[in-house]
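Notes follow once the structure below has been shown.
The values are calculated or read from the model by the stated rules, or taken from the named source; none is laboratory data. Just so it is clear, the structure is predicted and the values come from calculations on it, not from any experiment. Because the Cβ atoms are built from the backbone with ideal geometry, glycine has one as well, and the counts that use them run over all protein chains shown. With ligands, DNA and RNA removed, areas are computed over all heavy atoms of the protein, side chains included. Shrake-Rupley method; radii C 1.70, N 1.55, O 1.52, S 1.80 Å.
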Amino acid sequence: MNRTVLVTGANRGIGLAFTGQLLARGDHVVATCRHPGKAAALSALGGEHPGRLHVLPLDAASEKSRAELARELPLVLGEDGHLDLLINNAGVLHSGERFGQLRQETLEDSLRINAIGPLLLAQAVAPLLQDGDSAPGNHQRTVIANLTSQLGSIAGVTRFGAPSYAISKAAQNMASAQLAQALAARGIVVLSLHPGWVQTDMGGGKAPDAPADVVAGMLRLIDAATPAQSGQFFDWRGEVLPW
């Protein structure tokens, strides 16, 4: 059964790969990014899949932008429209941080984009998410997939590195666990997904994994998600990661 999906940070990298694979399998996608007018690759996907892609602006760290998106979505989805899947992909990694030179501005920016934004966006669009058991014959659960990182695993810390990113991803993991509890009664599954080191602008050319492979793996997890998995932390192959 085809889904209606909201993807953040859809203009490049993993977000673009998600959008392309979702469209290719017949889903309807609302793709967001900060500057849709500059998202040439995303616009090209719209031409390849007419009528099934809507591109809307979103700055995930902005309360005003999140509220505007929440107001716009019902117009895009239609009177009886709903969302079956939210993919919180937008994120930021500040490079070059050194202990002794950490900046409050960088830490706060990482927390706003990587942790606070995804949680408050989920809250803003929650009224549009379909309850897990409300569609007869649909065995796929409504899912919120929060893309996180194993760098947010406190148990996995072995060195000092990327502190604002790691701290914000640890906070995002807790936000996902809290969100899972908030939405459990509605049958909505919340997953924390670590995509690994991927060949994107953020990951760089030395990364071992291609976006297409990683996204295909995460979609398999999303499609098979169960309430028992809600609030858990997985890598893209389905292995449970330590908190």
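Tabulated values for the structure
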{"quantity": "Qualifying residue in the stretch 182-198 (condition: modelled with pLDDT under 95, within 17 Å of D235 (Cβ to Cβ), open to solvent by 20 Å² or more (accessible area, probe 1.4 Å) and not aromatic (F, W, Y))", "calculated": "yes"}
{"quantity": "Elements of type strands (runs of 3 or more DSSP E) contained in the stretch 1-94, each with 2 or more residues being open to solvent by less than 20 Å² (accessible area, probe 1.4 Å) and in contact with a strand residue (DSSP E or B) (Cβ under 8 Å, 6 or more places away or on another chain)", "calculated": "4-7, 28-33, 85-88"}
{"quantity": "Any hit, the stretch 58-72, residues being in contact (Cβ under 8 Å) with a residue 60 or more places away in the chain and within 16 Å of V215 (Cβ to Cβ)", "calculated": "no"}
{"quantity": "Enumeration of residues in the stretch 141-192 that are closer than 21 Å to G9 by Cα and among the small types (G, A, S)", "calculated": "A145, S149, G152, A162, S164, A166, S168, A170, A171, A175, S176, S192"}
{"quantity": "Among the candidates R103, R112, residue that is among the basic types (K, R), surrounded by fewer than 18 Cβ atoms within 10 Å (Cβ to Cβ) and more than 23 Å from V76 (Cα to Cα)", "calculated": "R103"}
{"quantity": "Identity of the residue in the stretch 95-107, in a loop (DSSP other than H, G, I, E, B) and of a type outside the set (G, A, S), that ends up nearest to the chain's Cα centre (by Cα)", "calculated": "E97"}
{"quantity": "Out of L85, L73, L69, sole residue that is under 23 Å from L193 (Cβ atoms), among the hydrophobic types (A, V, I, L, M, F, W, C) and under 15 Å from the mean Cα position of the chain (by Cα)", "calculated": "L85"}
{"quantity": "Residue check, R220 within 14 Å of I87 (Cα to Cα), free of Cβ contacts under 8 Å to residues at least 40 places away in the same chain and among the basic types (K, R)", "calculated": "yes"}
